[in-house]
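Structure first, then comments.
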Amino acid sequence: MTSLIIRVDALHETGLAHAARCSRLLDLLPQRPTVHVLGQGDALKDFFPHDKIVPLKGPVDVFLKALVIETGANAVLVDQPAKDPLLWEALDALPQLKRIMIDDFGSDAPADLVINGTVIERYHSYPNLRADGQALCGGAYSLIAPVFAKSRHDEPRNGPVIAICGGGERATDWAMMLAEHGPALSRPHPFILIVGSSFPDFDALKQMAVYNGGIAKQGLPAHQVASHLARTPVAIMTGGMVVYEALAAGTPSLVFPQLENLIPEIDWFEDHGALINLGHENGDNLEQLSSHLNGLLKNEDALQALSQKGPELIDGLGMSRAAEAINALLGQ
């Protein structure tokens, strides 16, 4: 049986999407390999409950080499926001390992297989692939759970307005603002705020939401998030993987790209008529959010246009395509 090492973290600072997509890819493989996860973050155990977690508490090159010796690994899958030179130097000393990289911005790292589901073409540069290596890029390879495409429906959405907040300091502050003001902004619709399992001080967030007439939920599984996206008239969210999930579900969305590296992506989707961009600079402005939300809720034509455009750009089947490519590489 194939033995696979996954290098990924699950931290609030970098978000949980990296761990989530690695976990979902494993579930789609026809035969699950033996997996050891090398990384940081208590939330890793939530994404990989059946696999061994090896906490990274020292130099990654030392940990990786020791883990390869211990497990007899055949392959490594790397999903890191930025290239880690120590990691790739260690891999140079382990040429027998097949290298799979999940990436969002392009890289000079020498991999055998790259999956990049982002829509920005200039992020698709991989000049140093190994011999016979391939890079599978674009919206057709967006790594979202298949359930989001399956949850789409065209009936009138009568559920609560939802807000989904990702990682990072700005997203945390935005979530607290929405917990306080979101229920009033969404009326007459109920309001639900969703955050990840590593969100700091969730109890305070929940108390704020309940006090103001809303609901706060933490660490929902993909099928529950998909259900909320399918029923909501409008979703409010930070940038990241959840944007692709909402597009595949056909959910009209207001998006706050809270990090600079998310700006080109959200601009691209805005230019293609798939979402409303709140902007990086003023996306957390309460008056602007209120104006956009109320205007969209009252404009059925705009809601329908957004709902139709999303799935045209992101069909939600990228995870299955990526799993097929990974399975083919592991079987070589």
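The values are calculated or read from the model by the stated rules, or taken from the named source; none is laboratory data. This structure is a prediction, so every number in the text was calculated from the model and none was measured. Cβ atoms come from the backbone with ideal geometry, glycine included; neighbour counts cover every protein chain shown. What goes into the accessible areas is simple: the full protein's heavy atoms, side chains included, and nothing from ligands, DNA or RNA. Shrake-Rupley method; radii C 1.70, N 1.55, O 1.52, S 1.80 Å.
Of Ile5, Pro59, Ala20, whose Cα points farthest to the positive end of the dipole of the range 1-59 (charges on the beta-carbon: +1 Lys, Arg; -1 Asp, Glu; origin at the Cα centre)? Checked the options; the winner is Ile5.
Kindly sort Val243, Val147 by accessible area of their heavy atoms, largest first, with the probe set to 1.4 Å.
The most accessible residue leads, giving Val147, Val243.
The angle between the Cα long axis of helix 169-186 and the main principal axis of the chain comes to about 30°, on a 0 to 90 degree scale.
Distance between the C-alpha centres of the range 219-274 and the range 285-303: 15 Å, rounded to the whole angstrom. In straight-distance terms, cross-link reach from Lys65 covers every one of the aspartates and glutamates whose alpha-carbon lies under 14 Å from its own, apart from those fewer than eight places away in the same chain; here that gives Glu89, Asp92.
Placing a label point 7 Å from the Cα of Gln134 along the Cα-to-Cβ line, the residues of the range 298-322 whose backbone N sits under 19 Å from it are 317-322.
To the nearest ten degrees, helix 318-330 and the longest principal axis of the Cα atoms of the chain are 10 degrees apart.
Short-range pairs are left out: with C-alpha atoms under 8 Å and at least six residues apart, the relative contact order of the range 35-119 is 21 percent. For the range 238-332, what relative contact order do you get, as a whole percent, if you take Cα pairs closer than 8 Å and at least 6 residues apart? The value is 33 percent.
Relative to the longest principal axis of the Cα atoms of the chain, helix 286-297 runs at roughly 80 degrees. Only Cα pairs within less than 10 Å get springs; with that Gaussian network setup on the chain, which residue of Ser291, Ser186, Ser142 has the largest fluctuation? Of Ser291, Ser186, Ser142, the most mobile in the Gaussian network model is Ser291. Distant-in-sequence amide contacts of Val161, defined by a placed amide H-H separation under 5 Å and a gap of 5 or more residues or a different chain, comprise Ile192.
Rounded to the nearest 500, what is the 222 nm mean residue ellipticity of the chain from helices alone, with -39500 (n - 2.57) per DSSP H run of 4+ residues and division by all residues?
Details: 13 runs with 135 residues, N = 332.
Value at 222 nm, helices only, nearest 500: -12000 deg cm²/dmol.
Remark on Lys217: its backbone amide H falls under 5 Å from those of Leu193, Ile194, Val195, a criterion applied only to residues 5 or more positions apart or on other chains, H modelled at 1.01 Å from N. Normalised by the number of residues in the range 75-180, the average gap of Cα pairs under 8 Å and 6 or more apart makes the relative contact order 17 percent. Karplus-based coupling profile of the range 50-56, in residue order and whole Hz: 9, 10, 7, 9, 10, x, 8, with θ = phi - 60° in 6.51 cos²θ - 1.76 cosθ + 1.60 and x standing for Gly or Pro.
Its Cα gyration tensor gives the chain an equivalent ellipsoid, and the semi-axes of that ellipsoid, as √(5λ) in whole Å with the largest first, are 36, 21, 17. This model, with +1 at the C-beta of Lys and Arg and -1 at the C-beta of Asp and Glu, gives the chain a dipole about its Cα centre of some 940 debye. Accessible surface computed residue by residue for the chain, with neighbouring protein chains in place and a 1.4 Å probe, gives 43 Å² per residue. With 0.36 nm allotted per residue and the present C-alpha distance subtracted, the Ala302-Arg187 stretch has 39.5 nm of extension available.
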